[in-house]
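The values are calculated or read from the model by the stated rules, or taken from the named source; none is laboratory data. Worth saying up front: this structure is predicted, and the values here are computed from it rather than measured. No Cβ is skipped: glycine too gets one built from the backbone with ideal geometry, and neighbour counts run over all protein chains shown. Ligands, DNA and RNA are excluded from the accessible area calculation, which covers all protein heavy atoms including side chains. Shrake-Rupley method; radii C 1.70, N 1.55, O 1.52, S 1.80 Å.
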Amino acid sequence: PTSQVAEYTLDATPNKCVALREGSNCYAIVTLHWQQPILGDYCLRNVESKKVMQCWLSQQEGSHTYEFNSAQTQHFELISTQTGQVHNQTEVLVNWVYTSKQKKRRWRLF
């Protein structure tokens, strides 16, 4: 039995990357997986750089694994090469263990 894909999806796994300190790059192996209800020609693109990461011809789903290396949250989109239309977006959030803006509390006695 063939399963019919009925929704548009684009997921990043993992979708969070934790770096030690704020401003330092976060490294992770991220897999982006997409599904579409209609066969077509699709490309996966980094929204910030507009760089095309991978394209598929006459496909309904696909996966792309790459080395995430960024100090900021990155957004990704799946576009149709026939229409140029953006079908889905997802993101990989960058979080830090330590932020550089930690407030030091000083107690004052009057």
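Could you say which residue among Gln82, Gln72 is open to solvent by 40 Å² or more (accessible area, probe 1.4 Å), under 27 Å from Thr99 (Cα atoms) and either part of a loop (DSSP other than H, G, I, E, B) or small (Gly, Ala, Ser) (or both)? Show your work before the answer.
Details: Gln82 fails: under 27 Å from Thr99 (Cα atoms).
When all the criteria are applied, what remains is Gln72.
Determine the pairs where a residue that is in contact (Cβ under 8 Å) with a residue 60 or more places away in the chain and within 17 Å of Leu44 (Cα to Cα), located within region 68-85, has a partner that is assigned to a loop (DSSP other than H, G, I, E, B) and open to solvent by less than 70 Å² (accessible area, probe 1.4 Å) with Cβ atoms under 9 Å apart, the partner being 6 or more residues away or on another chain.
Phe76/Val47; Glu77/Val47
Filter region 4-15 down to residues that are open to solvent by 60 Å² or more (accessible area, probe 1.4 Å) and at pLDDT below 95 and give me whichever is farthest from the chain's Cα centre (by Cα). Explain how you work it out, then say what you get.
Taking region 4-15 first, the residues open to solvent by 60 Å² or more (accessible area, probe 1.4 Å) are 4, 6-8, 11, 13, 15.
With at pLDDT below 95 added as a condition, the list becomes 4, 6-8.
On the way: Gln4: 25, Ala6: 22, Glu7: 19, Tyr8: 15 Å.
This residue is Gln4.
Quick one: count up the residues across region 18-49 that are more than 12 Å from the chain's Cα centre (by Cα), within 26 Å of Glu7 (Cβ to Cβ) and not aliphatic (A, V, I, L, M).
Let us first name the residues in region 18-49 that are more than 12 Å from the chain's Cα centre (by Cα), namely 18-27, 35-43, 49.
Then drop every residue that is not within 26 Å of Glu7 (Cβ to Cβ), which leaves 35-43.
Going one step further and asking which of them are not aliphatic (A, V, I, L, M), we end up with 35-37, 40-43.
Number of matching residues: 7.
So which residues in region 10-39 are more than 16 Å from Asn95 (Cα to Cα) and touching a Leu at 6+ places or on another chain (Cβ under 9 Å), if there are any at all?
We begin by selecting, within region 10-39, every residue more than 16 Å from Asn95 (Cα to Cα); these are 10-11, 31-39.
Matches in region 10-39: Leu10, Asp11, Leu32, His33, Trp34, Gln35, Gln36.
Can you work out which of the residues in region 24-59 that are assigned to a strand (DSSP E or B) and among the β-branched types (Val, Ile, Thr) is surrounded by the most Cβ atoms within 10 Å (Cβ to Cβ)?
Residues of region 24-59 assigned to a strand (DSSP E or B): 26-46, 52-59.
So of that shortlist, the ones also among the β-branched types (Val, Ile, Thr) come out as 29-31, 38, 52.
Working: Ile29: 10, Val30: 19, Thr31: 12, Ile38: 10, Val52: 12.
Here the answer is Val30.
Only one of (1) closer than 29 Å to Val97 by Cβ; (2) surrounded by 14 or more Cβ atoms within 10 Å (Cβ to Cβ); (3) β-branched (Val, Ile, Thr) fails for Val18. Which number is that?
(2)
Just to verify a result, which residue in region 19-62, among those that are β-branched (Val, Ile, Thr) and at pLDDT 95 or above, is nearest to Ser80 (Cα to Cα)? Reasoning before the result, please.
In the first step, residues of region 19-62 are kept if they are β-branched (Val, Ile, Thr); the result is 29-31, 38, 47, 52.
Applying the additional criterion that residues be at pLDDT 95 or above yields 29-31, 47, 52.
On the way: Ile29: 25, Val30: 22, Thr31: 20, Val47: 14, Val52: 12 Å.
Across region 19-62, the extreme among qualifying residues is Val52.
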